[in-house]
1. Which of Phe5, Phe62 comes first, and how do the rest follow, when ranked by fewest Cβ neighbours within 10 Å?
2. Kindly put Tyr42, Tyr16 in sequence by how many other C-beta atoms sit within 10 Å of each C-beta, fewest to most.
3. Out of Met110, Gly94, Thr54, whose Cα points farthest toward the positive end of the dipole of segment 43-116 (charges: +1 Lys, Arg; -1 Asp, Glu; placed on Cβ)?
4. Return Lys14, Lys108, Lys48 ranked ascending by Cβ neighbour count within 10 Å, so the fewest neighbours appear first.
5. What is the distance, in nm, between label points placed 7 Å from the Cα along the Cα-to-Cβ direction at Asn32 and at Glu59?
Amino acid sequence: MSGKFRTIDEAQEKRYEAIKQVKQDRPVNRDNITVGQLVKIYRTLHMKNLARNTRVAKESFFKNHILPFMGRQKISSLHKVIWLKLIAHLEKKGLAPNSVRDIVQVMKAMFNWAEENEVIVSNPFYKSKLSKGEKVKHTNS
């Protein structure tokens, strides 16, 4: 198949079939899935369709910041404190506020995609957001 579809409905149906096939081939225990496993699924099913520059930027965020910090963390154990610790960690590394914002946006997009496509049951960061100007206190823990 060339990857070109005649209609949006046809493309959506093929996407649904691909997701269903992945689930059948590799059943995901939603209680034990880690952030690293979710990133791998996200890369396979979603990122391949993105523009090259977008893909490269997201890959960099995953490789350099997200996976080293929380790649082994189970999705079921995520909560707002982890979210805040990630942000504090990125700030402590000296990343510019815009870079931190971009990484947070990538995480939100991935979790939203995973929930919409039933890879995870619910987005652990659904209502997690920092209000404008909110500062994260750096802790030693």
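Each reported figure results from applying straightforward, stated rules to the coordinates on display, with no laboratory input. The model shown is predicted, which means the values in this text are computed figures rather than measured ones. No Cβ is skipped: glycine too gets one built from the backbone with ideal geometry, and neighbour counts run over all protein chains shown.
1. Numbers: Phe5 14, Phe62 23.
If I rank by nearby Cβ atoms, fewest first, I get Phe5, Phe62.
2. Ascending Cβ contact count within 10 Å gives the list Tyr16, Tyr42.
3. Among Met110, Gly94, Thr54, the one farthest towards the positive end of the dipole of segment 43-116 is Gly94.
4. Details: Lys14 13, Lys108 16, Lys48 8.
Lowest count first: Lys48, Lys14, Lys108.
5. Rounded to a tenth, the inter-label distance reads 3.0 nm.
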